[in-house]
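See structure below.
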Amino acid sequence: MPETTAPIDWLRSAGAQGDVIDGLARLTTWRAVYDECPRGDWLLAIAERLGVEHVALVRAAIACARVADVDDDAGAVLDAAARWADGHGGAGDVAAATRALEQAASRAVDPAREAAGRAALAVGLGVEDRGVLPAAPAAAAESVMVASIDCGLELAMRWAHDRCAAAVRSAVPWSVFAGCVERAGGQA
């Protein structure tokens, strides 16, 4: 990819979905994409495709999943993944907590808790498969939206997406993101 590849051109060539391209088309620099991307799932997916370190992606997905009101089973997955990311736990611990959450999810009756559980599942599964991690912010935002349906769905959705994008920026600093952009052949 030429060094002058604009973010939108890179997104198109990377196979980004139409809503991502439409939503980010006005952003002409990578720094603007990083600073102004309105959705955590988009930003985390971009970071993953750029090759940001797996542990940083897991930390970002954990922070996004915690935007939702997680129950004890989902919290156990997030806690196990956080220990794994900090080097204090094994992938087997995350897998065991993930399996327990999958079993509990089959009994979920509340749509908000089910979506929060899917956010935590994305984190748990993302320890082994980093490509799953961008599902965490979207599921967390869905959980908040469903829980807030009577209070203004669109406002809750924007709030949740904004919180998830901030969580990604917190776990993946600009310096890391920019380094991955440069390695991918873009101009940060």
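Kindly establish whether ALA122 is of a type in the set (Gly, Ala, Ser), within 27 Å of TYR34 (Cα to Cα) and surrounded by 24 or more Cβ atoms within 10 Å (Cβ to Cβ).
yes
Tell me, yes or no, whether the range 102-117 has at least one residue that is more than 25 Å from ALA80 (Cα to Cα), modelled with pLDDT under 95 and out of contact with any helix residue (DSSP H, G or I) (no Cβ under 7 Å at 6 or more places or on another chain).
no
Select, from SER143, SER170, the only residue that is surrounded by fewer than 19 Cβ atoms within 10 Å (Cβ to Cβ) and touching a helix residue (DSSP H, G or I) at 6+ places or on another chain (Cβ under 7 Å).
After ruling out the rest, the residue left standing is SER170.
For a quick check of your reading: which helices (runs of 4 or more DSSP H) sit entirely within the range 1-71 and have at least 3 residues that are surrounded by fewer than 21 Cβ atoms within 10 Å (Cβ to Cβ), in contact with a Phe, Trp or Tyr (Cβ under 8 Å, 6 or more places away or on another chain) and among the small types (Gly, Ala, Ser)?
none
The values are calculated or read from the model by the stated rules, or taken from the named source; none is laboratory data. Note that the structure is a prediction, hence the values are computed from the model and not measured. As a convention, Cβ positions derive from the backbone with ideal geometry for all residues, glycine included, and neighbour counts pool all protein chains shown.
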